[in-house]
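Here the structure is laid out as structure tokens; the discussion comes afterwards.
Quick note: the coordinates plus some simple rules give every number you see, no bench work behind them. Keep in mind that what you see is a predicted model, and the values were worked out from it rather than measured. Because the Cβ atoms are built from the backbone with ideal geometry, glycine has one as well, and the counts that use them run over all protein chains shown.
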Amino acid sequence: MFSQITAPAGFEGWLVCAAAALVMIERGMAFYKNHMRELPPPSQTYVTKEDCHAAHASAAGTYTRLQAEVEELKGERVVRAEQASHLVDSLRREMSASFTRVHQRIDDLPDKMIATLRNTGALRQ
């Protein structure tokens, strides 16, 4: 199959050879860069067990601190809810007493009006 292809002659031949040489040089440099050069020690590239355990301990400490803060905020919320409940109860009692006084005054009003009308003579028995 390849024997049927005619070899390029002249300038095209040199151009094909130069392109092939450049591709081989580039592939060789890529191989050296990825496989043959001196690599840094793994401790600089990867996480060691000690670093992982230290990061885990730090995260666990942060988690427990945040959990304590959340519990503290929950406690404050409960205290504030109890205070609000007491305040609402006291307002409810005050309003109930106020309504009772208003109702008492309204209930007494017809008797006072009838007594006033009788005293002035506007209402006869």
Neighbour-limited loop hits for trypsin sites (Lys or Arg not before Pro), segment 1-92 (at most 16 other Cβ within 10 Å; DSSP other than H, G, I, E, B): 37
What list of ³J(HN,Hα) couplings, whole Hz, do you get for segment 106-115 from phi and the Karplus terms 6.51, -1.76, 1.60, once you set θ to phi - 60° and write x for glycine and proline? 5, 5, 7, 4, x, 5, 5, 5, 5, 5
Low-density loop GluC sites (Glu not before Pro), segment 35-125, at most 15 other Cβ within 10 Å, DSSP non-H/G/I/E/B, are 38
From phi via Karplus (6.51, -1.76, 1.60), per-residue ³J(HN,Hα) for segment 83-94 in Hz, x at Gly/Pro: 4, 5, 5, 5, 5, 5, 4, 5, 5, 5, 5, 5
Most fluctuating residue of 32, 63, 46 in a GNM of the chain with Cα springs under 10 Å: which is it? 32
Quick one: what are the phi-derived ³J(HN,Hα) couplings along segment 54-69, Karplus 6.51/-1.76/1.60 with θ = phi - 60°, whole Hz, x for glycine and proline? 5, 5, 5, 5, 5, 5, 5, x, 5, 5, 5, 5, 5, 5, 5, 5
I need two numbers for the chain: Rg to one decimal and Dmax as a whole number, Cα atoms only, in Å. 48.6, 143
